[in-house]
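Notes follow once the structure below has been shown.
The values are calculated or read from the model by the stated rules, or taken from the named source; none is laboratory data. Small disclaimer: the values here were computed from a predicted structure and weren't measured. Cβ sites come from the backbone with ideal geometry, for glycine too, and all protein chains shown count toward neighbours.
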């Protein structure tokens, strides 16, 4: 089945001015990175390009009855010169704007794409507004919205070419029930509930500083002690990251040293497929918050084993809270560095050819 990209125009291909009207050449400006990335998508992938716009700009505000739209044609000709053409161009020309089924998020202009010939579930709406997101919902598509779930055309292209790196793991034993989902290419949104306040705070550092959307819900036998909850969360989180990484093509693979007040924390890692933990950190207190300090080592051992990563951790300093928080933050930055992908060098980072 065919797949399509339903691409908005103003704000997505061209920068949209404050008055929302690109009706003169001095307002004409491409969104950064759009031409290079549209060319990459067009030449490397099999999506049909469909432009879908509500806007009355690009000359139509000045000439609503005219077929000649000066800046619109300039845009198309510029893109064509860079190897980017559209299979279909659908622009709602009602003027002034009216609440018609042809206007996004209505699907009136897109009925021919809803007859079963297109794989809409694996097609995308690319835009910059809530109406674009709602259009995707109405079509049954996925969506990539600038300023929302993606921040640039580089991100859009990476997802389309290399796939979304999301994963979920449900781990249930007689001692714990753990539900984890994550997006390695997120924005750091976290929903973490383990029953241990300090542990929640540490896990949140992984999401926030690693730009990972992270949801962790844990029901553990805290009436016994904290051991099973912390250990099993480490196992499930490691499994989830391993699953999200997929075949690891294009990743940097290696990852960070950072100071936190009196402490210096170093976390180096390798997603090379061989689990190993080196731990060089000592704690004088029995607990930090409601988390036993003896469980820090145990968490990272469980985590590194399940993620099949080599993890080397070192921390020095006097404040125990700062020390462990610095370790979690350094871990997050190391993960962010190591999972970064380069779609222009989309190879396994290994001389063996397998990770």
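Please report, ordered by residue number, the strands (runs of 3 or more DSSP E) entirely within the range 106-217 with at least 3 residues that are surrounded by fewer than 17 Cβ atoms within 10 Å (Cβ to Cβ). Don't jump to the end; show me each part of the working.
Working: elements: 124-127, 142-145, 166-172, 176-183, 190-193.
Of the strands (runs of 3 or more DSSP E) lying wholly inside the range 106-217, those with at least 3 residues that are surrounded by fewer than 17 Cβ atoms within 10 Å (Cβ to Cβ) span 166-172.
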Check your understanding: Within the range 229-268, can you find the residues that are more than 22 Å from residue 163 (Cβ to Cβ) and either under 17 Å from the mean Cα position of the chain (by Cα) or in a strand (DSSP E or B) (or both)?
Key -> 257, 258, 259, 260, 263, 264, 265, 266, 267, 268
Check your understanding: in the same structural domain as residue 204 (by TED's automatic domain parsing) and at pLDDT 95 or above, is that true of residue 251?
Key -> no
Point to revise | Odd one out for residue 284, checked against (1) in a loop (DSSP other than H, G, I, E, B); (2) at pLDDT below 90 | key: (2)
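Is it the case that some residue within the range 307-316 is touching a strand residue (DSSP E or B) at 6+ places or on another chain (Cβ under 7 Å), part of a loop (DSSP other than H, G, I, E, B) and buried (at least 21 other Cβ atoms within 10 Å of the Cβ)?
Step one: list which residues in the range 307-316 are touching a strand residue (DSSP E or B) at 6+ places or on another chain (Cβ under 7 Å), which gives 309-316.
If we keep only those that are part of a loop (DSSP other than H, G, I, E, B) as well, we get 309.
This time we only want the ones that are buried (at least 21 other Cβ atoms within 10 Å of the Cβ), so: 309.
Checking the range 307-316: at least one residue is touching a strand residue (DSSP E or B) at 6+ places or on another chain (Cβ under 7 Å), part of a loop (DSSP other than H, G, I, E, B) and buried (at least 21 other Cβ atoms within 10 Å of the Cβ).
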Revision key, fill the gap. Scanning the range 87-105 for residues that are assigned to a loop (DSSP other than H, G, I, E, B), surrounded by fewer than 17 Cβ atoms within 10 Å (Cβ to Cβ) and touching a strand residue (DSSP E or B) at 6+ places or on another chain (Cβ under 7 Å) gives 87
